[in-house]
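Accompanying notes for the structure given below.
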Protein chains: 2
Amino acid sequence: MEGPPFAYREVGEKRGVPVVLLHHLTAVLDDWDPKIVDGLASSHHVIAFDNRGVGRSGGTTPGSVEAMAHDAIAFIHALGHEQVDLLGFSLGGFVAQAIALARPGLVRRIIIAGSGPAGGEGISNMGSVLQNGVAQAAVAGKHPKHFLFFTQTVNGQAAAIAFLARLNERAQDRDTAISNNAIHAQLTAIHAWGQGDPARLSEIQHPVLVANGDDDVMAPTINSFELARRLPNAQLSILPDAGHGGIFQHHAIFVLQALQFLR
Amino acid sequence: MEGPPFAYREVGEKRGVPVVLLHHLTAVLDDWDPKIVDGLASSHHVIAFDNRGVGRSGGTTPGSVEAMAHDAIAFIHALGHEQVDLLGFSLGGFVAQAIALARPGLVRRIIIAGSGPAGGEGISNMGSVLQNGVAQAAVAGKHPKHFLFFTQTVNGQAAAIAFLARLNERAQDRDTAISNNAIHAQLTAIHAWGQGDPARLSEIQHPVLVANGDDDVMAPTINSFELARRLPNAQLSILPDAGHGGIFQHHAIFVLQALQFLR
């Protein structure tokens, strides 16, 4: 493999087009919901990885979505895959768009969750939303994802507890937490994406499933509509009473929809 | 009962707050998907009725949504119910909003599907969309709902066939088709609604579940987002690869979400 090594995990039978998972701001391998990974792996080869400079992956996290896409392409090539499906969540959804634009032939189908187009409403505020969420969480003695990924409704908060418990299921071989430098670079990339231009979305001819909760405070839900409107071949799934982590809260419905879409 | 009689059907155990179904343009009792009616009736008392002048109901269909709401309120009172849940589909979703505004105390929870706010984008075109759909259907030798309720994708058209087969399941006691006069009055009401003002949505304090397919040609999907944005206490469910009849195509998911919401 060229350059520093990437940390990754593979689940599911190694056949057909693999599904590569593109992670969110601050996330490492352990932040993927096992319900999503195992659900997709029931009939797909699923690959999660830490992008450059994240978790146990080597190198330095770059400060642009396009460079992250370049790194992800290098990872996919290093594993020897000629075509993949992508599931990008939040920042990973930006990276998925940039991969499809940079190397369309490498991609078969794309799922973009909790994300938005370049220049999308509120995207460049994601850093301050994160900061507020962390502050609220400290006051409340709760994990920040209670505030950032889930609504403050009864269902949302119950889903937060269940989701966080699932992330803690893995007892061994846990990933290394992300560094502050990597988070800083990710925030720089997100801010620039939020100032960007969505016009090139019309060039992405791939089938795309866009999904989100109906009340996302990190990547406001209107951005999912905007993605579906601008992408020539998109479907949209909005999940009720749910936030940024809507696909985790409604994992059973989302996995059904994703498997249907990836057929 | 005051005034001419209403035709209606009741399903499910008669306990708790009943769910009253408010029908779409051109619909009579037989146009409700048995999967939705029976799904809700698994734990709710469900009442479908033909509003004034529709199907076997007596009287004359009025030319405004507000007057249809007035008639629906008269029907609910005539059955002796002091509080109901509403499920309004398309035109029925407009009527649900008007009922909630006119008689808020009569309503507990509201589901609005395939619908939109007064003044919503494309709503006043529903008549010409209907006309085009009927023309396309005549050429193709298919039911208009293939064009009006479902997307032209493989999944959408398969769902159209399955839905139409379900509507034909009832062998006995079928309703009378709607008259041209009633359709004309409904179109007048829809056109006026499409020219209306959505501002009063902020007064509807009820919990509302807004649902639609992601590619509705009759009540464009952006209207569902607009409803959810303007209603103070709304949830939004957008169902992928689906049109106006998205809740019928994705009946299993919709029934789950509706039952969760109506708890």
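The values are calculated or read from the model by the stated rules, or taken from the named source; none is laboratory data. Given the structure is predicted, the values throughout are model-derived calculations rather than measurements. No Cβ is skipped: glycine too gets one built from the backbone with ideal geometry, and neighbour counts run over all protein chains shown. The protein model used for the area step is the full one, side chains on, heavy atoms only, and it has no ligands, DNA or RNA in it. Shrake-Rupley method; radii C 1.70, N 1.55, O 1.52, S 1.80 Å.
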For B:Gly105, label point 7 Å along C-beta direction: distances to other copies, nm:
7.2
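With +1 on each Lys and Arg Cβ and -1 on each Asp and Glu Cβ, and nothing else charged, work out how big the dipole of the protein assembly as shown is about its Cα centre, in Debye to the nearest 20. Please report the intermediate quantities before stating the final value.
On the way: 36 positive and 46 negative charges, 80 e Å.
That gives the protein assembly as shown a dipole magnitude of about 380 debye.
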The summed charge of the B:Gly55 Cβ neighbourhood (under 14 Å; Lys/Arg +1, Asp/Glu -1) stands at -1
Post the alpha-carbon centroid distance, region A:51-102 to region A:189-210, in whole angstrom.
15 Å
Keeping all protein chains in the complex and leaving out DNA, RNA and ligands, what accessible area do you get for B:Arg170 with a 1.4 Å probe, in Å² to the nearest 10?
100 Å²
Can you give the FRET efficiency for B:Ala252 and A:Arg263, using 1/(1 + (r/R0)^6), R0 = 22 Å, r = Cβ-Cβ distance, to the nearest 0.05?
0.80
Would you work out which of B:Leu164, B:Ser128, B:His206 lies farthest towards the positive end of the dipole of region B:112-213, given +1 charges on the beta-carbon of Lys and Arg and -1 on that of Asp and Glu, about the Cα centre?
B:Leu164
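For chain A, which longest stretch is free of loop sites, where a loop site is one of the GluC sites (Glu not before Pro) that DSSP puts outside H, G, I, E and B and that has at most 12 other Cβ atoms within 10 Å? Don't skip to the end; give the middle numbers.
Values: sites that count: A:Glu2, A:Glu13, A:Glu82, A:Glu169.
The answer is A:170-263.
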Between B:His77 and the same site in the other copies, what are the distances in nm, shortest first, taking label points 7 Å from Cα along the C-beta direction?
7.4
Sort shortest first the distances from B:Leu259 to its counterpart in every other copy, using label points 7 Å along the Cα-to-beta-carbon line, and give them in nm.
1.9
Taking the axis of the rotation relating chain B to chain A, the B residue whose Cβ comes closest, together with that distance in whole Å, is B:Ile238, 2
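Give me the percent of Cα-Cα pairs in region B:8-262 that sit more than 25 Å apart, rounded to a whole number.
Numbers: 11752 of 32385 pairs.
Pairs farther apart than 25 Å: 36 percent.
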Add +1 for every Lys or Arg and -1 for every Asp or Glu among the other residues with Cβ under 15 Å from the Cβ of A:Ile110, and state the total.
+3
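Share of antiparallel DSSP beta bridges in the protein assembly as shown, in percent to the nearest 5?
On the way: 9 of 53 bridges.
Antiparallel bridges make up about 15 percent of those DSSP assigns within the protein assembly as shown.
For region A:8-262, what is the relative contact order in percent, using Cα pairs closer than 8 Å and at least 6 residues apart in sequence?
Working: 549 pairs, mean separation 60.4, N = 255.
Rounded, it is 24 percent for region A:8-262.
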Excluding B:Gly119 itself, calculate the net charge of residues whose Cβ lies under 13 Å from the Cβ of B:Gly119, where each Lys or Arg counts +1 and each Asp or Glu counts -1.
-1
Separation of the B:Lys142 and A:Ala78 label points, Cα + 7 Å toward Cβ, nm
4.8 nm
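Using Cα pairs closer than 8 Å and at least 6 residues apart in sequence, work out the relative contact order for region A:58-101, in percent.
Values: 22 pairs, mean separation 21.2, N = 44.
Computed value for region A:58-101: 48 percent relative contact order.
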What does the charge dipole of chain A about its Cα centre add up to, to the nearest 20 debye, if the Cβ of each Lys and Arg holds +1 and the Cβ of each Asp and Glu holds -1?
240 debye
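Helix-derived [θ] at 222 nm for chain A: sum -39500 (n - 2.57) over DSSP H runs of at least 4, divide by residue count, nearest 500?
Values: 10 runs with 107 residues, N = 263.
So the calculated ellipticity at 222 nm is -12000 deg cm²/dmol.
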Antiparallel DSSP beta bridges within chain A, percent to nearest 5:
15 percent
With every protein chain in place, what's the accessible area of A:Met68 (1.4 Å probe, Å², nearest 10)?
10 Å²
